[in-house]
Amino acid sequence: MKEIMKDALKVEDKILEDRHHLHQNPEVGFNLRATSAYVKDRLAKMGIESKEYGGPIPEDLRQKFLFAGFPDMNYSTGLAATIGQGSPCILLRADMDALPMAETADLPFAAKNGFGHMCGHDSHTAMLLGAARILKAREGELRGTVKLMFQTGEECGCGSKFMVDAGILEDPKVDAAIAIHVMADQEAGTIHFSRGIASAAMDTFMVKIQGKGTHSSQPQNGIDPLTIANQIYTAANLMIGRETDPKETVAFGIGKFGGGNAVNVIPDTSEVMMAARTFNREVRAHVIKRLPEIIDHSVKMWRGTYDMMTFSTPSTYNDSDLCDEMLPFIREICQEVEEVDCMAGTEDFGYVSEKVPGMFMTLGAGKPGAYPMHNPNMVLDESVFKLGAAIHANCAFEWLRMHQK
Ligand SMILES: [Zn+2]
Ligand SMILES: [Zn+2]
């Protein structure tokens, strides 16, 4: 057995302790005060100093999230820390945020505050703390720097961006980055990855339409915002069908739509909220150019006005050469590694992988057919967390040795 795997077995109880604590105390969004404080404290006890990356959220973004119906989130508590020194530098990413949903699985460490770690980010944080423990004990043997990234707001699609904007990829400059996501409906202990595009890009358009409310018997005195919403709905769906290559995937959906309260009132306002997930860069560029045009023209055609907010998360891109370098290091820990099609979901590791060569992989923590991620009954096989910690540590350790200067 590889030495680093033996190290991981020794820290397994700490990984589980961290996971249970985080699971029982979930926080959502960007302002993860208690979670970040816990991680900071755990790192400090290992002799690792961490630094906050993020701070106040830019005002325009704060307004966007308010517009989208999130609570007011004005601060991001991302953390970064380094082990070793100098160049080269490899970044290991974990996300820390939970979902605004209560879990129904009957776990002894279930959360009771109405939020839930139904995307497994508690285990990502615990696995990276485990990797930190392993790597700190081997700091003298490291041939460069390991940068630990504990991000907020992955479920908001841009928590990683705050840290990238705040300079986490610099000083020392990051040369490669990896991230692991657990999957409850993937066979326990297997690793899946894909080359090139590894997750969908997601572009969200939220439109609030201002019409002019009136009595339904006097439509000539008003501007009907529901007519406008209806026209946007139809035109947007038609555009996807008529203007994108049928061989390319566009998962388009209008998930929030409507307005009004009474049968005899033409309402004052309406709203339409839509998102498009794409994999092909040209298709994405066309869709995100055309949807605002369709919205603008439809509203103007019927004499309304509107406010629009957009959010975008790029695709995660797996660098094929980096995958080839990492695969032997992953296989030293976990033999069952499979190359698969990219996932339909979105992952904000995309903001890291668009700047530096990256590899995103999934670690099976259940079995096919089990309750999937984001399901209130989702449970994870905890025996795989030591593998995740060991993969992080082994990839970092060996990749630095391979590229030492
Ligand atoms: Zn998720
Ligand atoms: Zn997730």
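Does residue 207 satisfy the criteria of being closer than 23 Å to residue 307 by Cβ and more than 16 Å from ligand 2 (Cβ to nearest atom)?
Yes; evaluated as a whole, the condition is true for this residue.
Here are some residues: 213, 253. Which one is under 23 Å from residue 69 (Cβ atoms) and modelled with pLDDT under 95?
253
Determine if segment 298-317 includes at least one residue that is assigned by TED's automatic domain parsing to the domain that holds residue 221 and without any contact (Cβ under 8 Å) to a residue 24 or more places away in the chain.
Yes, segment 298-317 contains at least one residue that is assigned by TED's automatic domain parsing to the domain that holds residue 221 and without any contact (Cβ under 8 Å) to a residue 24 or more places away in the chain.
Mind telling me which of the residues 102, 132 ends up being in contact with a helix residue (DSSP H, G or I) (Cβ under 7 Å, 6 or more places away or on another chain) and either more than 16 Å from residue 49 (Cα to Cα) or in contact (Cβ under 8 Å) with a residue 60 or more places away in the chain (or both)?
Within the list 102, 132, the selection yields 132.
Considering only residues that are in contact (Cβ under 8 Å) with a residue 12 or more places away in the chain, in a helix (DSSP H, G or I) and not polar (S, T, N, Q), look in segment 230-247 and name the one that is farthest from residue 263 (Cα to Cα).
This residue is 243.
For segment 113-172, which positions are within 16 Å of ligand 2 (Cβ to nearest atom) and small (Gly, Ala, Ser)?
Selection gives 116, 120, 123, 126, 153, 157, 159, 160.
For segment 157-179, indicate whether the set of residues that are modelled with pLDDT under 95, among the aliphatic types (A, V, I, L, M) and within 22 Å of residue 96 (Cα to Cα) is non-empty.
Checked segment 157-179: at least one residue is modelled with pLDDT under 95, among the aliphatic types (A, V, I, L, M) and within 22 Å of residue 96 (Cα to Cα).
How about segment 1-96: which strands (runs of 3 or more DSSP E) wholly inside it have at least 1 residues that are hydrophobic (A, V, I, L, M, F, W, C) and within 24 Å of the chain's Cα centre (by Cα)?
Output list reads 75-84, 89-95.
I need every pair where a residue in segment 141-157 that is under 18 Å from residue 34 (Cα atoms) has its Cβ under 8 Å from the Cβ of a residue that is in a loop (DSSP other than H, G, I, E, B) and more than 16 Å from ligand 1 (Cβ to nearest atom), sequence separation at least 6 or different chains.
Pairs that qualify, where the first residue is under 18 Å from residue 34 (Cα atoms) and the partner is in a loop (DSSP other than H, G, I, E, B) and more than 16 Å from ligand 1 (Cβ to nearest atom), are 149/168; 152/31; 153/73.
Tell me the residue from 188, 179 that is buried (at least 18 other Cβ atoms within 10 Å of the Cβ) and within 18 Å of the chain's Cα centre (by Cα), please.
So the residue among 188, 179 that is buried (at least 18 other Cβ atoms within 10 Å of the Cβ) and within 18 Å of the chain's Cα centre (by Cα) is 179.
The values are calculated or read from the model by the stated rules, or taken from the named source; none is laboratory data. Note that this is a predicted model, so its numbers are computed, not measured. Positions of Cβ are backbone-derived with ideal geometry, glycine not excepted, and every protein chain shown enters the neighbour counts.
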